[in-house]
Amino acid sequence: MHIIYITSNRIFRAAIMVFFCICTLGITGLYAQKDTTVHVQKEDDFYPILTVPIPDDILLEVGGMTFLPHDELAVSTRRGEVWIITNPYMKNGVSPRYRLFASGMHEVLGINYIRGDIYAVQRSELTRLRDLDGDGEADEYETIYSWPLAGNYHEFSYGPVLDKEGNMIITLNLGWVRDHGESLSKWHGWMVKISPDGKLKPYAAGMRSPAGFGLNDHGDIFYSENQGDWVASGSITHVAEGDFVGNPASLVWSGLPESNVKLKKEDIPDTKEPKYEVALRVPGLKPPAVWFPHTILGISTSGILNYDAKGKMGSFEGQLFVGDQGQSKIMRVFLEKVKGVYQGVVFPFREGFSSGILRMNWGSDGSMFVGMTSRGWGATGRAPYGLQRLSWNGETPFEMKTVEARPDGFEITFTQPVDLATAKSGASYAITRFTYQYHHNYGGPIINAGPCPVKAIEVSADRMRVRLVVDSLKLGYIHEIKAEGVLSAARNTLLHDFGYYTLNQIPDGSRLAITNANRVQPVMHHHSVNTGAKPPAAMPSGGKHLTKMPASWKNKVDRTLTMGTKPGLKFDQATLTVKAGEHIRLVFNNNDDMMHNIVITRPGTANTVGEAATKLGLAGERVSYVPDTQDVLFHTRLLGPTESETIYFTAPLQPGQYPYVCTFPGHYLAMRGILVVTK
Ligand SMILES: [Cu+2]
């Protein structure tokens, strides 16, 4: 029984639920005995991933994708090329054909087919590519608009996306200087629009690394943001004209006459309050529509794809799909507008892609083309680049289709009718709220986490919807909604049993009357809540994390080691060598622009430790993503960019190979080395 609990928590809990029904529901229990088998669903059962082969001599580091007439796929690359792929669907078993259309450009992170022409965004310009002589290659590269660059490596540019008025939307990254973003030349950190007659208009400010953006069904613009300075976690934000979305570096240009953003750098307080609360007294600051909790639902949010009539992905029409570069997966977002403000819920959708996801496009058959790259950026999918295709096999998974806010809680709509007994049980749900600090540092801790007890549950007559009356909701906070115990009428478990709802507004309307029939009785809880309720007590230290030299060493250090990090999820040394029993001082410098630690493990346990760290979920940050296990020998804390920490430890007495890894979720597969202990 114990083993089942560890390996398949969900089945175990479901089994308990079945017991619960039989024991307590009397006559219903007799029927429940007929079929008590619980069916566990997998993503593979609904959404197969196909790989589009790439010839060996093409480095298809995808920066942008767009479909052309005749169903050809144009792909722009970080190497400055544009490839046109014929038959990317591999119809009739025929391999796709690649043709080089354009080359010699500067890191093309976006491409789009607009009004009969191909437009590409290079670092410093919007370029129109034309094949004038019809030989299949571009022979005219025309600059439509060019913007200044300071030459900083981090000044990426993205787009163009067509807005509903026919302008081209482009976003410009901040540069990265030491440990923070800076807008080193005009309009970096901004979303700009270029009109059909070639004029640039700054549209909104406050972006940091706006790699993905797109329109929803209403033509409203959403952009995705990555963790960094002033950005605690990934998110998508609704961008309207004149908005400031959070990173003050861009505001160096808000004094210019063309700017429609009025805020100045000094208007933005650096108080570590939640962003939502700062926005209440700083008009113009726009908090995210939906937060993506860092490491749970991605680490570097990327492309946004609207599920419009072109797609065929099951019953989620009108929702957004959002990629993640670092975790090689795709999330699904349901948005609603409450009191004029966008908010909504994000769910996992599909993981397991081959490289870091940057772009998604609909193919003509409704499948989703997924373009990927990971050079220098690291990703769970180990390939350096890739092109894959996600399709839907027509089977509907049991999922939470939507979560909507109610005046007194939430209403979940499912894709299939629910099993009444599990859907009505308070033990099936757990809701926790939390938020993040908003400040100049990189990332930001989770703060003010707390449980939101479910007071009443009402299942709709058609069993498709469940209304939850919830206590302790908090405006501006993220609400983790777990529905682990809910089964479908056909006794399927949920394909994904949690989502995160960002509550920017609470709707008006009628509250559910709490009656004896719907009131939740106090029940035994079998849930392990990701955050707040049961965090690890403290950093597992026990001598594993000594930042002062032990007195017993009497100031005698046998060996000082210095280790650094490099971009692309790397330590700057692949091995370190020490003698058994030596007194070691290890200086760890994080030179990268992401967060890292170093964890030295027992021989052969690097993967186990890395996996355990990932499973810590939201609670991991408090303990620097160091799992409390004997396999961890020594470790630093989690360091932000440019931070440094020195630790002390006595080298193992047993000679051998001791792996060291960074246990920040998603890093351990790539970021590792060996501590060699000699006699
Ligand atoms: Cu790391």
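The values are calculated or read from the model by the stated rules, or taken from the named source; none is laboratory data. Remember, it's a predicted structure, so these values are computed and weren't measured experimentally. Please note: Cβ atoms are built from the backbone with ideal geometry, for glycine as well, and neighbour counts cover all protein chains shown.
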**Request:** Scan (1) away from the ligand (no atom under 16 Å from the Cβ); (2) out of contact with any Pro (no Cβ under 6 Å at 6 or more places or on another chain); (3) assigned to a helix (DSSP H, G or I) for the single condition Gly610 breaks and write down its number.
**Result:** (1)
**Fill in**
Within the stretch 606-644, the count of residues that are farther than 20 Å from Asp229 by Cα, in contact with a strand residue (DSSP E or B) (Cβ under 7 Å, 6 or more places away or on another chain) and of a type outside the set (A, V, I, L, M, F, W, C) comes to 4
**Item:** Of the criteria (1) buried (at least 19 other Cβ atoms within 10 Å of the Cβ); (2) at pLDDT below 95, which one Asn448 fails
**Value:** (1)
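What residue, among those in the stretch 642-653 that are farther than 14 Å from Val578 by Cβ and away from the ligand (no atom under 14 Å from the Cβ), is modelled with the lowest pLDDT? Before you say what the answer is, go through the steps one by one.
First, the residues of the stretch 642-653 that are farther than 14 Å from Val578 by Cβ: 642-646.
From what's left, away from the ligand (no atom under 14 Å from the Cβ): 642, 644, 646.
Values: Thr642: 86, Ser644: 95, Thr646: 96.
Checked the stretch 642-653; the qualifying residue modelled with the lowest pLDDT is Thr642.
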**Prompt:** Pick from Asn152, Asn92: which is without any contact (Cβ under 8 Å) to a residue 12 or more places away in the chain and outside any strand (DSSP E or B)?
**Reply:** Asn92
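Just a yes or no: is a residue in the stretch 483-500 of a type in the set (Val, Ile, Thr) and either within 23 Å of Val338 (Cβ to Cβ) or modelled with pLDDT under 95 (or both)?
Taking every residue of the stretch 483-500 in turn, none turns out to be of a type in the set (Val, Ile, Thr) and either within 23 Å of Val338 (Cβ to Cβ) or modelled with pLDDT under 95 (or both).
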**Prompt:** Can you pull out the residues in the stretch 371-403 that are farther than 30 Å from Tyr89 by Cβ and surrounded by fewer than 19 Cβ atoms within 10 Å (Cβ to Cβ)?
**Reply:** Gly376
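Please report, ordered by residue number, the strands (runs of 3 or more DSSP E) entirely within the stretch 557-602 with at least 3 residues that are over 17 Å from Gly543 (Cβ atoms) and either within 16 Å of the ligand (Cβ to nearest atom) or aromatic (Phe, Trp, Tyr) (or both).
Once the strands (runs of 3 or more DSSP E) in the stretch 557-602 are filtered for at least 3 residues that are over 17 Å from Gly543 (Cβ atoms) and either within 16 Å of the ligand (Cβ to nearest atom) or aromatic (Phe, Trp, Tyr) (or both), what remains is 559-566.
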**Request:** Would you point out the residue of the stretch 654-678, among those that are farther than 22 Å from Leu618 by Cα and aromatic (Phe, Trp, Tyr), that is farthest from the ligand (Cβ to nearest atom)?
**Result:** Tyr658
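Please specify each residue of the stretch 251-273 satisfying the condition of being of a type outside the set (A, V, I, L, M) and touching a Gly at 6+ places or on another chain (Cβ under 6 Å). Steps first, please.
Here is the first cut: in the stretch 251-273, the residues of a type outside the set (A, V, I, L, M) are 253-255, 257-260, 262, 264-267, 269-273.
Scanning the stretch 251-273 gives a single hit, Asn260.
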**Complete:** The lone condition Gly564 fails out of (1) surrounded by 16 or more Cβ atoms within 10 Å (Cβ to Cβ); (2) touching a residue at least 60 places away in the same chain (Cβ under 8 Å) is (2)
**All positions within the stretch 665-679 that are outside any strand (DSSP E or B) and more than 27 Å from Ser374 (Cα to Cα)** = Lys679
